[in-house]
Structures are given as C-alpha cells and as structure tokens.
Amino acid sequence: MHLDETEQSDKNGQRNILARAITGPLLFIFILGDVLGAGIYALVGVIAGEVGGAVWVPLLVALAMALLTATSYAELVTKYPRAGGAAVFAQRAFRKPLVSFLVGFSMLAAGVTSAAGLALAFSGDYLKAFVDVPTVPAALVFLLLVGLLNARGIKESMRANVVMTVVEVSGLVLVVVLACVVLGRGDGNVTRLVEFDDSRSPALGVLAAALLAYYSFVGFETSANVAEEVKNVSKVYPRALFGALVTAGVAYVLVGFSASVVLPADELAESSGPLLAVVSAADVGFPPRLFSLIALVAVANGALLTMIMASRLTYGMASEGLLPPSLAKVLPQRRTPWLAIVATTVVAMGLCLTGSLSALAETVVLLLLVVFISTNIAVLVLRRDVVKHSHFRAPTIFPILALLTCVTLLTQQSAATWLRAAALLAVGIVLYALSHRATKNDTTSSNA
C-alpha cells in the first residue's frame, strides 16, 4: 500500500500524525462556521455607529481585504500542508526561531484570548435569557465542555460544527427574510443604505468601520492549522477557503442591507444585540428568546473552532521544535493532540479570570494583523522554494496588496491596544528565552 510522506514518517516512528478525516464539504463548513461566528451578531451596531446606514460598504471593503490575505494562505497551505499554520510558514521563510515563535505565539495568543472572550459572551446576557448563573463559573464549565469535544475527535468536532453552522446561518437568513417582510408592508427605508455618518468624511468612516468589519471575516486563518487532517488538500483547500469567504461576504452584505432597512443607524449603534433589535422591530411574532438561542449557538461554534485551531497550532509548533515536544503527543485511538488541548483549555480558563469581554477582545485583531503581515511576506520569500507536488499559486500583486491593507488597518489601532499587544508579546519572548535556555542545558548535559 502506498504511503504518503507523513504516513511514512509515522511508520518509522519519527513523527506523530493526525487522522486525515476532513473532506472538502466539511472544510468549507469549518471555515464558514468560523468566519460566521459571533462577530456579525454583535458588530453590526458598532459598524453602523462608525459609518452610518451604509453598513454594507465597509463589509464589502473588509471582504476584499480578507480575500487578499487568503490567497497567501491558499498558496502556503497547499505548498506545506502541515498543522501549525503561520508559525510553520515563518519558520520556513525566515529561518529565525525567535521570529517563528513570536508569529506562532501571536496567533496562539489571539486564538486563546478570543476563545476566552467568547466563553464570557456565551455565559453573559445570552445565557441569562434562559438561566441566571454567575458568568465566570459558567464560562469555565463551557470551556471544559468545548475541550472535551475537541479531544474526542476531529470528526465529532466537525459534525458538531456542521449543526451549529446551519443554526447560525439560519439566524442570518431570518434577519434578511424579516427585512423583506418589513419592506413588503411599506415600513422599511432603503434610502438609509446610502447614508453616511455626517460627523466625518465618508472615506474615514468606511476605513474605521472596515477595521471592525475585518474582525468579522477573520477566522479563515484557523483552517491552516487543520491542513494535515484534510484529504487532497491541494485541490480542496483553495476551493473551500475562497468559497467560504465569498459566501460569508454575501451573507454579511445582505445582513447589513437588512439591518439598515429596518432600523436607523443610531438605534443599531445603541443596541448590544443589534440583530435581535432588528428581529424585535420587525414585529412579526418571532420569539426573541429563540433568536437569543441562535446567537448562543453562533458564539459556541466560534469558541469550538477557535479552540480546535489553538490546539492544532500548539501541536504544530511542538512538532517544529518551537514548543516542548510533549505537546505533540496524540491519543493512540482518537489521533487528537490531547496534551495541546489540555494546555490551551487551561490557559483560556485562566484568561476568563483576568478581565471583561471587551478587555480580552481588544488585542485579537492587532495580533492577527501581525500574523497576516508575516504570512504575506513569507509567501513572497518562499517563492524560491520549489516543491514536487502541485499547489495553488497567488498572483504576486495579491500578497503585496494584502501587506498594504494590513499596514493600513494597523494605523487605525489605538495606543491602548498597542500596549496590550506589546505586553503579550513580551510574555512570549520571556517564555521563548526560558525554553531556549532549558534546551541548551539539556544539550550540554547530553554532551557531558
């Protein structure tokens, strides 16, 4: 029987491997479910507060920006289909262990922090609509359950993702349908679709709102960390990646249309649950608690997929020698990276104790932009590295434009966000120094 490269290395005892269980449709749903997370359910109102009624414009701009960086991921993932994502790309491109570690650490910190924030969101007002429990203890239990599902197996996690993605997409479809009903009875206002906030120029408003809208599209990068578990990755991955992003973009633009048609921008901006406000304003008898349940599912799905990413990234970094090798251990039967899952779950639980949802979420976009800049540079540097198998190749102009968009978005970040991100990266540097010293001491002891 023919064995591919990773299977051969496993048979020879050189490397643990993960089960190749993700098909094209499952990967498409994985990416779509991660992109269509809790962001759109919460951010439409904030975007409206920045740009006015033309919510769809920054959403469209953010889609174009995300697609540019996605082309770099499509090339690198199909060229180097190993778990680890951006950290592995940086390792191959720059050959600087510290740079590789910081890229991986930025991605890992963004992912685990995002999961902690989603756990708090899940356990807050959404959950309290059904049962009044303390937020932090409920968040810890929620993360434990997510970790158990993650450890059970990628198939089980992906199947759960399919169900949850269907539910969260149905919520967005419901918003669009209700907007059509409102228009049909003559209550909607389509002129708001071209209204911009008059407190600033339209260009500045769109740019500020595009930064928020960009957060709604991030999530596609997590798919790079399950590449090793995808069947026929060179053909399947680009189709699933671009298909999911475009599908999400169409859904977001339609939701932006719908929200503005039903409610004015100031009312959307005042609501912490803008889509729930749209459902309530439509006044067609749809139970608000049912829509709250849909939002809960969307948040839970985002947390599950983020923790899958974080554990696979930890596994990949350990396999590349950027983290302790023990973190690459997998369960014999399940073939899931159990120690990486335990480590990332514990860290996420700890982060739940350190601050509010807003405090945890503020650094996520900035950290991801650092990762995206590294990846867009890496795809250009690695053009000189030729591999034997066929893979996707992005037009050279796309990574260059992607770099420009990332730098532009960085200029929109506040000083407080920069300070928080710098503090996290400083922790990463300390951890790297301690790990490097321990490795050096082990080497010295072995040679003695």
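The values are calculated or read from the model by the stated rules, or taken from the named source; none is laboratory data. Predicted, not measured: the structure shown is a model, and the values here were computed from it. Don't worry about glycine lacking a Cβ; one is built from the backbone with ideal geometry, like all the others, and counts go over all protein chains shown. These accessible areas exclude ligands, DNA and RNA; they are computed on the full protein's heavy atoms, side chains included. Shrake-Rupley method; radii C 1.70, N 1.55, O 1.52, S 1.80 Å.
List of remarks:
Residue-wise test of (1) open to solvent by 60 Å² or more (accessible area, probe 1.4 Å); (2) at pLDDT 85 or above.
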| residue | (1), (2) |
| --- | --- |
| PRO288 | yes, no |
| ALA298 | no, no |
| LEU304 | no, no |
| LEU339 | no, yes |
| LEU357 | yes, no |
| GLU362 | yes, no |
| LEU366 | no, yes |
| THR375 | no, yes |
| LEU382 | no, yes |
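- The stretch 178-233, subset in a helix (DSSP H, G or I) and in contact with an Asp or Glu (Cβ under 8 Å, 6 or more places away or on another chain), residue most open to solvent (accessible area, probe 1.4 Å): LEU212
- Residue check: GLU270 meets all listed conditions (1) surrounded by fewer than 18 Cβ atoms within 10 Å (Cβ to Cβ); (2) at pLDDT 85 or above; (3) of a type in the set (D, E, K, R) but one, namely (2).
- Flag set for LEU403, criterion: open to solvent by less than 60 Å² (accessible area, probe 1.4 Å), of a type in the set (A, V, I, L, M, F, W, C), under 30 Å from PRO238 (Cβ atoms) and at pLDDT 90 or above.
- Close pairs (9 angstrom Cβ cut-off, 6 or more residues apart or separate chains): free of Cβ contacts under 8 Å to residues at least 40 places away in the same chain in the stretch 391-414, open to solvent by less than 50 Å² (accessible area, probe 1.4 Å) and charged (D, E, K, R) anywhere: THR396/ARG383
- Residue within the stretch 127-149 that is open to solvent by less than 10 Å² (accessible area, probe 1.4 Å) and at pLDDT below 85 present: no
- Residue satisfying all of: in the stretch 59-96; open to solvent by less than 30 Å² (accessible area, probe 1.4 Å) and charged (D, E, K, R); nearest to the chain's Cα centre (by Cα) among these: GLU75
- When the stretch 234-251 is limited to residues that are farther than 16 Å from PRO58 by Cα and of a type outside the set (A, V, I, L, M), the one that is surrounded by the most Cβ atoms within 10 Å (Cβ to Cβ) turns out to be TYR237.
- Some residue of the stretch 292-315 being free of Cβ contacts under 8 Å to residues at least 24 places away in the same chain and either more than 17 Å from SER123 (Cβ to Cβ) or of a type outside the set (S, T, N, Q) (or both): no
- Test result for VAL278, farther than 25 Å from GLY124 by Cα, in contact with a Ser or Thr (Cβ under 7 Å, 6 or more places away or on another chain) and either touching a residue at least 12 places away in the same chain (Cβ under 8 Å) or in a helix (DSSP H, G or I) (or both): no
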